[in-house]
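Laboratory data are not the source of any read-out in this text; all were calculated from the coordinates shown. All figures in this text were calculated on a predicted structure; none of them were measured in a lab. Please note: Cβ atoms are built from the backbone with ideal geometry, for glycine as well, and neighbour counts cover all protein chains shown.
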Amino acid sequence: MNLTQIEHLGIAVKSIEACLPYYEGVLGLKCYNIEVVEDQKVKTAFFKIGETKIELLEPTSEDSTIAKFIEKKGEGVHHIAFAVPSVQDALNEVAVKGIQLIDKAPRKGAEGLKIAFLHPKSTCSVLTELCE
Ligand code: CO
């Protein structure tokens, strides 16, 4: 695999609005984008830190995977996202190595990126996103 950087860390929260005073007021980060990703039933808020980002994920529906995650594990770190030159190439490469894929092909994520998820069963329990 050719990982170029940690693209972002995804953090599941019940309310983005309730978290803004901490991320902006305490950490001093600036939220530069809030966006709803309809097919994932999630609202996202992005903060830049150097070359990487924090992505807050708020469920927009009770059957959202983020809502289920919060129900099971509580709020907190949800996934790590690595930048790769080609998501499709990276998927092909890890599939050959027996890694379980959540997405067999890239799909459209927040910020117009191509993304795909690897199953935590195959990634030492950390839900892993690839971004292009
Ligand atoms: Co993400």
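Extent of the chain along each principal axis, from alpha carbon coordinates, in Å, largest to smallest?
44, 32, 26
How much length would be gained if the chain were fully extended between A95 and E17, taking 0.36 nm per residue of separation minus their Cα-Cα distance, in nm to one decimal?
That pair, A95 and E17, stretches by 24.3 nm at full extension.
Which ³J(HN,Hα) values in Hz, rounded to whole numbers, follow from the phi angles of the stretch 91-96 under the Karplus curve 6.51 cos²θ - 1.76 cosθ + 1.60, where θ = phi - 60° and Gly and Pro get x?
Coupling constants for the stretch 91-96: 4, 4, 5, 6, 4, 4 Hz.
What is the distance, in nm, between label points placed 7 Å from the Cα along the Cα-to-Cβ direction at I6 and at K108?
2.9 nm
About the Cα centre of the chain, what is the dipole size in debye to 20, counting +1 per Lys and Arg Cβ and -1 per Asp and Glu Cβ, all else neutral? Mind dumping the intermediate values first?
Values: 15 positive and 19 negative charges, 58 e Å.
The calculation lands at about 280 debye.
222 nm [θ] for the chain, helices only, -39500 (n - 2.57) per DSSP H run of 4+, per residue, to 500?
Counting only the DSSP helices, I get -5000 deg cm²/dmol.
Give me the dipole magnitude in Debye, nearest 20, for the stretch 1-66 about the Cα centre, with unit charges on the beta carbon: positive for Lys and Arg, negative for Asp and Glu.
Rounded to the nearest 20 debye, it is 260 debye.
Distance between the C-alpha centers of the stretch 1-55 and the stretch 61-132? Whole Å please.
Between the Cα centre of the stretch 1-55 and that of the stretch 61-132, the gap is 16 Å.
Tally Lys/Arg at +1 and Asp/Glu at -1 over every other residue whose Cβ is under 14 Å from the Cβ of I6; what's the total?
For residues surrounding I6, the net value is -2.
Going by how many other Cβ atoms sit within 10 Å of their own, how do C19, C131, C124 line up, fewest first?
Listed from fewest to most nearby Cβ atoms, that is C124, C19, C131.
Whose amide H sits under 5 Å from the amide H of K41, counting only residues 5 or more places off or on another chain, with H placed in the peptide plane?
So K41 has HN proximity to no qualifying residue.
Just to confirm a number: summing +1 for Lys and Arg and -1 for Asp and Glu over residues other than I115 whose beta-carbon lies under 10 angstrom from that of I115, what do you get?
-2
Pull up all non-local amide H partners of H78: gap of 5 or more, or a different chain, and H-to-H distance under 5 Å with H placed in the peptide plane.
Here G10, I11, A12 satisfy the definition.
Non-local amide H neighbours of K53 (under 5 Å, H modeled in plane, Pro and chain starts lacking H): which ones?
H8, L9
Give me a comma-separated list of calculated 3J(HN,Hα) values for the stretch 79-90, in order, Karplus coefficients 6.51, -1.76, 1.60 applied at θ = phi - 60°, integers in Hz, x for any Gly or Pro.
7, 10, 10, 9, 7, 9, x, 9, 5, 4, 4, 5
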